[in-house]
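The values are calculated or read from the model by the stated rules, or taken from the named source; none is laboratory data. Please read all numbers here as calculations on a predicted model, not as lab measurements. Neighbour counts run over all protein chains shown; Cβ positions are idealised from the backbone, glycine included.
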Amino acid sequence: MRKDKLKVLWAAKTKYPKNWGIKSHRHDCYQLFYIVTGSCEYIIEGKTVNVGENDYILVLPNVEHSMQKNHGSLVRMIDIKFNLSGGGLPEKLKGIPGTGQTPDSVRCFFKLISNEIKNQDEYYKEVVEAYTYILILKLLSNSEKMNPPQIITEIEEDGMSRTCKDVARYIDSNYANDITLEDVSDALGYNKNYLCSIFRNETSLTIMDYLRRVRIERACEMIEMSDYTFSQICYMVGFKSIHHFNRIFKNVMKITPSEYKMNVSERSSAVIQDTFRNTDNYDVN
């Protein structure tokens, strides 16, 4: 597996006085801003966003961006340009919001980078690079905590016909059984083709798609809340084979059951290697 490799190209503390801006441009590297003081309008791919103190701006490679001149006071930023290649980070960064409030766990690394830029002690470039890599991981980690993989099967019932509500409720109650379209139509007393048509028109899902989503949602709950194996969960939520379960899970959740369980574990605990021993002696106030 290829490892992620980050290379800082530029790191600086910049100032933009009133009526100064950044012309629209693009480049083949990443750019990360941290707003130290002030506020401004930033444009990313034609979309204008208002950013202010303690906000970040993450610009992906080859994305057009600019800063408006109409800010009323001095804007001070930390500006980092970097390249990133290798493993999975480049793809994962596409899922991070381009702007937002900087989490406390990330903000401290911007301050550390600011100090390195100011002091420029020996090896400061390497230190800035290391801090930037950790900063990116922290930003990604926080984004995943705020937006863990999830599935929403609840259907907005306002304005929905009683027939569709009955279909959804029947599946919600019987998802663990071996359900067919004939079972649903027989239980509700409607023609199968009529049920399929009206449910698809009102929910944009087929009845069987909804059934699969309900099963996967229940599987996710069991992965989070129990010690059952994937094979056990597979049959408990109505699948007939682990292969089919894995395929549908990946299709719905965009990750495998193992990856989902790993995400759950990472959100709930921190694992320290058994071989680690802290040899420092200090007092905690």
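A few notes on this one:
- Looking only at region 175-191, and only at residues there that are in a loop (DSSP other than H, G, I, E, B) and touching a helix residue (DSSP H, G or I) at 6+ places or on another chain (Cβ under 7 Å), the one that is farthest from T206 (Cα to Cα): A176
- Given (1) among the acidic types (D, E); (2) surrounded by fewer than 17 Cβ atoms within 10 Å (Cβ to Cβ); (3) modelled with pLDDT under 90, number of the condition E217 does not satisfy: (2)
- Single unsatisfied condition, I113 versus (1) part of a loop (DSSP other than H, G, I, E, B); (2) surrounded by 17 or more Cβ atoms within 10 Å (Cβ to Cβ); (3) modelled with pLDDT of 90 or more: (1)
- Unmet criterion (only one of (1) touching a strand residue (DSSP E or B) at 6+ places or on another chain (Cβ under 6 Å); (2) modelled with pLDDT of 85 or more) for N62: (1)
- Only residues that are more than 16 Å from E217 (Cβ to Cβ) and free of Cβ contacts under 8 Å to residues at least 40 places away in the same chain were counted in region 171-195, giving 16.
- Strands (runs of 3 or more DSSP E) (entirely within region 53-99) containing at least 1 residues that are farther than 14 Å from I22 by Cα and aliphatic (A, V, I, L, M): 55-59, 75-85
- Every residue from region 1-41 that is within 12 Å of L74 (Cβ to Cβ) and among the aromatic types (F, W, Y): Y16, W20
- Near pairs, Cβ below 8 angstrom, 6+ apart or cross-chain, from region 230-254 (without any contact (Cβ under 8 Å) to a residue 12 or more places away in the chain) to any residue that is hydroxyl-bearing (S, T, Y): K250/T256
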